[in-house]
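The values are calculated or read from the model by the stated rules, or taken from the named source; none is laboratory data. Just so it is clear, the structure is predicted and the values come from calculations on it, not from any experiment. Cβ placement follows ideal geometry from the backbone for every residue including glycine, while neighbour counts extend to all protein chains displayed.
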Amino acid sequence: MHNDHRSHNQRRSYDRASQGDRNAQGGARQNRGPRTGGARGDRDFRGPRKDDRGPRKGGFSGGPHRDGRPGADRGSRRDFAPRDDRPRDDRPQHPRDDRRYDQRDDRARSPRDDRSPRFGGGPRRDSREASHPREIFVDGKLMAAPDQDAPRGPRSDDRGPRGGARGPKAHRATTARELALAAIHQLRQRDAFAQDVIAKTIDTSRISREDRAFATRLVLGVASTRGTLEDIVSSCMDSPDDAAPAVRDALCLSAYEIIFLQKSPHAAVDQGVELVKSVAPRAGGLANAVLRRVVRAKESFPFGDPRTDIAAYARLHGFPVWLAQRLLAEMGPQGAHSFMVASNEPAPVYIAVNAVKASDDEVVSVLADAHGEPEPVTVAGRTVPGCYRIVSGVPLNDGRVRRMFSQGLLLVSDATSQVVASLVVGQEAPQSFLEIGAGRATKTILDQSCAYRRFGAQIPDYVTVDVHAFKTKLLQERVQQYGIEVAEPLIGDATDLTELVGDRTFDRVFVDSPCTGLGTLRRHADIRWRLRPETIEESAALDARLLASAAPHVAPGGILAYATCTITHEENADAVAAFLDTEAGAAFEVVPCDASSDGRSPFFSVALEPGGPDAHFLALLRRKF
Ligand SMILES: C[S@@+](CC[C@H](N)C(=O)[O-])C[C@H]1O[C@@H](n2cnc3c(N)ncnc32)[C@H](O)[C@@H]1O
């Protein structure tokens, strides 16, 4: 999509540029929420200026200012992060926990009056609210299986996007775009996870595989770059506050095609106008004017020199400025570039065969028959047993594949997670195992499947802990579905493990850290706009408490395993070093992970690169005495 323009002295330039950028924030619009229409949401939008003179100059952060300077840091805005409108103290304490699970699950448990004033929707719903009998887990999240979310009936109004093509259309937007718009609209309205919504609206549709892939790309792309798109679209409207949410979503989708997918301007504008008409039939002319300005804005995108201007660099990749800065500091220009490009690409789909219930041959043959094109997977130079990349996406429309999921023969799980599970289980059969932060049991299943594959039996005394009761309930349902043995599923705060397990010790204690999850940005498209710089420190502080609490429960000679799916040094190597420096940590020594990716570090870590699996980190520490 673009070249890495960074020169050797670019880091210094970025520092200067970002300082200038911070200064610039004092002036122009900043820290505003997205223009969702609010009370005016039932108007299509007031529309662009009468003329067609390109994006508005100044007055917004994403587009070119009058003097050509880039705008403010989208990352510091409130647009997406504070969808959680609870008072600060009521929010979940743990960042990754908050991001990936808690909001949704707390919602699922709460009365259905939990509304987001920002987005003004009705009661929130998630996939678990559906009454469908068959559900599958993807990366530990429950999703409706195909056929369960049949296309909805005709809409009763013209404001929300359609969920698919039904009946004669009053516009010519393609069905893939219509579906993508419906999904994007749901993301906004329900504050839902992109993958969950995609599973329900796109994966279950009857459009072609190519169209499904395109619609998915649009949804994840818009969710990932939303802050940047919102700025650009606003810059091209005279009264951005007046745009109805559905119109704004359609404009952002088209802006994504124009700016990030490099679609031909004519086709993108034409389809964008049709898309806007699909939700606001009278707004076609106005949409045409706005999108033509977006096309003109693209000529100067990213509104600054990305070699010297960190805001332009961040914008180029659709990242908040603070995060782009962090990535540069963390992994250098090449690594950050690779990470950002990979984060904007669709994630590969990997499955794990559950050895407790099925053989690889059995699963692979059904997937191959269903045209899933399963391929064995290599991570850090080693084949991952039971792990397959599904080149064409999981063929969920095939009844046999669905049955394999519902019977617990396989699960969707990132390849690096599978390697982590394999390393945590180790080469000598543990008799007792404590998993801290067991969540919805993905690692539990992977660990026990690995033990069964390696030792011919599951780990007998496998205890899980999670702070959330609803996750533990799901864990119990899921381990039953997958035939996994869990001796005790405990609910409680693992920063005080003695309260939960007394003075018991285990052969292996596994802390699956509730980290910031930056290594999984592709699958959790909107994380980057939700996280805050301070979240990283908060996460590292929690890790320190979890490790300190876990240490006395490792049997002498046993292993304390610490894993994250993030890339910050605070949460990874520094967290381990800080722990080893403590009194409890002094009893431990680092054991090199066999699959250490670079041959030098004793830790296992995989960087996020285009076409590869997610980024994970693992440290193995042996208790010496
Ligand atoms: C990375 S997720 C775990 C994913 C899970 N192991 C899996 O594979 O499905 C981290 C988990 O830690 C849990 N958690 C966060 N803080 C905790 C605490 N203080 N005590 C116990 N669990 C906690 C969260 O609820 C979340 O499920």
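Under 8 Å between Cβ atoms, at least 6 apart or on separate chains: pull out the pairs that start in the range 570-593 with a residue that is closer than 20 Å to Gly517 by Cα and at pLDDT 95 or above and end on any residue that is among the aromatic types (Phe, Trp, Tyr) and crowded, with 17+ Cβ neighbours inside 10 Å.
As it stands, the answer is Glu571/Phe617; Asn572/Phe603; Asn572/Phe617; Ala573/Phe603; Ala573/Phe617; Ala575/Tyr562; Val576/Tyr562; Val576/Phe603, since those pairs meet every condition given.
Among residues belonging to the range 412-434 that are in a strand (DSSP E or B), more than 23 Å from the chain's Cα centre (by Cα) and within 14 Å of the ligand (Cβ to nearest atom), point out the one that is nearest to Ala550 (Cα to Cα).
Here the residue is Leu434.
Taking the range 575-592, which residues are among the aliphatic types (A, V, I, L, M) and assigned to a helix (DSSP H, G or I)?
In the first step, residues of the range 575-592 are kept if they are among the aliphatic types (A, V, I, L, M); the result is 575-578, 580, 584, 586-587, 590-591.
Scanning the range 575-592 gives Ala575, Val576, Ala577, Ala578, Leu580, Ala586, Ala587.
If you take the residues in the range 516-544 that are of a type in the set (D, E, K, R) and away from the ligand (no atom under 14 Å from the Cβ), which one is surrounded by the fewest Cβ atoms within 10 Å (Cβ to Cβ)? Before you say what the answer is, go through the steps one by one.
Residues of the range 516-544 that are of a type in the set (D, E, K, R), as a first pass: 522-523, 526, 528, 530, 532, 534, 537-538, 543.
From what's left, away from the ligand (no atom under 14 Å from the Cβ): 522, 526, 528, 530, 532, 534, 537.
Values: Arg522: 22, Asp526: 23, Arg528: 27, Arg530: 20, Arg532: 17, Glu534: 9, Glu537: 14.
In this case the residue turns out to be Glu534.
Given the conditions (1) out of contact with any helix residue (DSSP H, G or I) (no Cβ under 8 Å at 6 or more places or on another chain); (2) buried (at least 18 other Cβ atoms within 10 Å of the Cβ), report the number of the one that Arg389 does not fulfil.
(1)
Residue check: is Ser513 more than 27 Å from the chain's Cα centre (by Cα), within 13 Å of the ligand (Cβ to nearest atom), among the small types (Gly, Ala, Ser) and in the same structural domain as Glu571 (by TED's automatic domain parsing)?
Numbers: more than 27 Å from the chain's Cα centre (by Cα): no; within 13 Å of the ligand (Cβ to nearest atom): yes; among the small types (Gly, Ala, Ser): yes; in the same structural domain as Glu571 (by TED's automatic domain parsing): yes.
Considered against the rule, which asks whether it is more than 27 Å from the chain's Cα centre (by Cα), within 13 Å of the ligand (Cβ to nearest atom), among the small types (Gly, Ala, Ser) and in the same structural domain as Glu571 (by TED's automatic domain parsing), Ser513 comes out as no.
Determine whether Gly399 is over 27 Å from the mean Cα position of the chain (by Cα), under 23 Å from Asp360 (Cβ atoms) and away from the ligand (no atom under 13 Å from the Cβ).
yes
Does Arg307 count as over 27 Å from Thr516 (Cβ atoms) and not assigned by TED's automatic domain parsing to the domain that holds Val222?
yes
Considering Ala283, Ala324, Ala358, which residue is more than 23 Å from Thr442 (Cβ to Cβ), of a type outside the set (S, T, N, Q), out of contact with any strand residue (DSSP E or B) (no Cβ under 6 Å at 6 or more places or on another chain) and modelled with pLDDT of 95 or more?
Ala324 is the lone residue from the list that is more than 23 Å from Thr442 (Cβ to Cβ), of a type outside the set (S, T, N, Q), out of contact with any strand residue (DSSP E or B) (no Cβ under 6 Å at 6 or more places or on another chain) and modelled with pLDDT of 95 or more.
Please specify each residue of the range 339-360 satisfying the condition of being part of a helix (DSSP H, G or I) and either in contact with a Pro (Cβ under 7 Å, 6 or more places away or on another chain) or among the acidic types (Asp, Glu) (or both). Before you say what the answer is, go through the steps one by one.
Going through the range 339-360, the residues part of a helix (DSSP H, G or I) turn out to be 339-343, 360.
Hits for the range 339-360 are Val341, Ala342, Asp360.
Quick one: what pairs do we get from the range 449-475, first residue on the phi < 0 side of the Ramachandran plot and near the ligand (Cβ under 10 Å from one of its atoms), second hydroxyl-bearing (Ser, Thr, Tyr) and in a helix (DSSP H, G or I), C-beta under 7 Å, 6+ apart or different chains?
Listed pairs, sorted by first residue: Thr464/Thr444; Asp466/Thr472; Lys471/Tyr101; Leu475/Thr444.
Could you tell me how many of the residues in the range 481-495 are under 19 Å from Ile351 (Cα atoms) and more than 13 Å from the ligand (Cβ to nearest atom)?
Residues flagged as under 19 Å from Ile351 (Cα atoms) and more than 13 Å from the ligand (Cβ to nearest atom) within the range 481-495 amount to 2.
Which of (1) surrounded by 19 or more Cβ atoms within 10 Å (Cβ to Cβ); (2) more than 16 Å from the ligand (Cβ to nearest atom) is the odd one out, the single condition Asp503 does not satisfy?
The failed condition is (1).
Given the residues Ala577, Ala573, Ala548, which is the only one that is away from the ligand (no atom under 16 Å from the Cβ), under 27 Å from Thr520 (Cβ atoms), of a type outside the set (Asp, Glu) and over 24 Å from the mean Cα position of the chain (by Cα)?
On the way: Ala573 fails: over 24 Å from the mean Cα position of the chain (by Cα); Ala548 fails: away from the ligand (no atom under 16 Å from the Cβ).
Step by step, each of Ala577, Ala573, Ala548 is checked, and only Ala577 is away from the ligand (no atom under 16 Å from the Cβ), under 27 Å from Thr520 (Cβ atoms), of a type outside the set (Asp, Glu) and over 24 Å from the mean Cα position of the chain (by Cα).
Give the residue that is farthest from Gly492 (Cα to Cα), with candidates limited to residues of the range 438-463 that are touching a helix residue (DSSP H, G or I) at 6+ places or on another chain (Cβ under 6 Å) and not in a helix (DSSP H, G or I).
Gln458
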